[in-house]
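What follows is one structure encoded as structure tokens, with my remarks underneath.
The values are calculated or read from the model by the stated rules, or taken from the named source; none is laboratory data. Please read these numbers as outputs of a predicted model, since none were measured by experiment. Counting neighbours? That spans all protein chains shown, and the Cβs are built from the backbone with ideal geometry, glycine included.
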């Protein structure tokens, strides 16, 4: 199985610039007028140009429309970085909005942000053994 990440945006040029500057991603293939592939992460990221107010999915009810103000979704992207402060500075300089300061945990450090399109993302810096620091060692039943 391969993981692909798709991010809806209302301005493809702005989104491409943001994700390149914020995370050091590179342009991959251009798929028609409305899709830009970005490479350089562990999975390819596809920016999909979709106008605000359009249906979020075929057959979706009228309440499920795209909105690029800050919104919450139970699915978001975590980007693992070597230095969370340095990565945060880069993301902010590219146009991200900070949503709190850097937090410290037994497994590492975390900073929360929103991109210019309202999508939340976190920067994660693992320390020592990362999530193994808090894993109980038992396999999931």
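Restricting attention to region 1-19, the residues being under 20 Å from residue 55 (Cβ atoms) and either loosely packed, with under 14 Cβ neighbours inside 10 Å or free of Cβ contacts under 8 Å to residues at least 24 places away in the same chain (or both) number 1.
Restricting to region 88-119, what's the tally of residues that are assigned to a helix (DSSP H, G or I) and either in contact (Cβ under 8 Å) with a residue 60 or more places away in the chain or on the phi > 0 side of the Ramachandran plot (or both)? The total comes to 4. Just to be sure before I move on: is residue 22 surrounded by 15 or more Cβ atoms within 10 Å (Cβ to Cβ), in a loop (DSSP other than H, G, I, E, B) and in contact with a helix residue (DSSP H, G or I) (Cβ under 8 Å, 6 or more places away or on another chain) in the structure I sent? It is false that residue 22 is surrounded by 15 or more Cβ atoms within 10 Å (Cβ to Cβ), in a loop (DSSP other than H, G, I, E, B) and in contact with a helix residue (DSSP H, G or I) (Cβ under 8 Å, 6 or more places away or on another chain). Of the listed requirements (1) under 16 Å from the mean Cα position of the chain (by Cα); (2) in the same structural domain as residue 134 (by TED's automatic domain parsing); (3) assigned to a strand (DSSP E or B), residue 7 misses just one: (2).
A single entry from 53, 40, 137 fulfils the requirement of being in the same structural domain as residue 15 (by TED's automatic domain parsing), on the phi > 0 side of the Ramachandran plot and exposed (fewer than 14 other Cβ atoms within 10 Å of the Cβ): 53. If you filter region 45-86 down to residues that are under 13 Å from the mean Cα position of the chain (by Cα) and without any contact (Cβ under 8 Å) to a residue 40 or more places away in the chain, you find that the one that is nearest to residue 126 (Cα to Cα) is 75.
Report yes if residue 123 is closer than 22 Å to residue 6 by Cα and not assigned by TED's automatic domain parsing to the domain that holds residue 9, otherwise no. Spelling it out, residue 123 is indeed closer than 22 Å to residue 6 by Cα and not assigned by TED's automatic domain parsing to the domain that holds residue 9.
For residue 47, the criteria (1) loosely packed, with under 15 Cβ neighbours inside 10 Å; (2) in a strand (DSSP E or B) hold in every case but one, which is (1).
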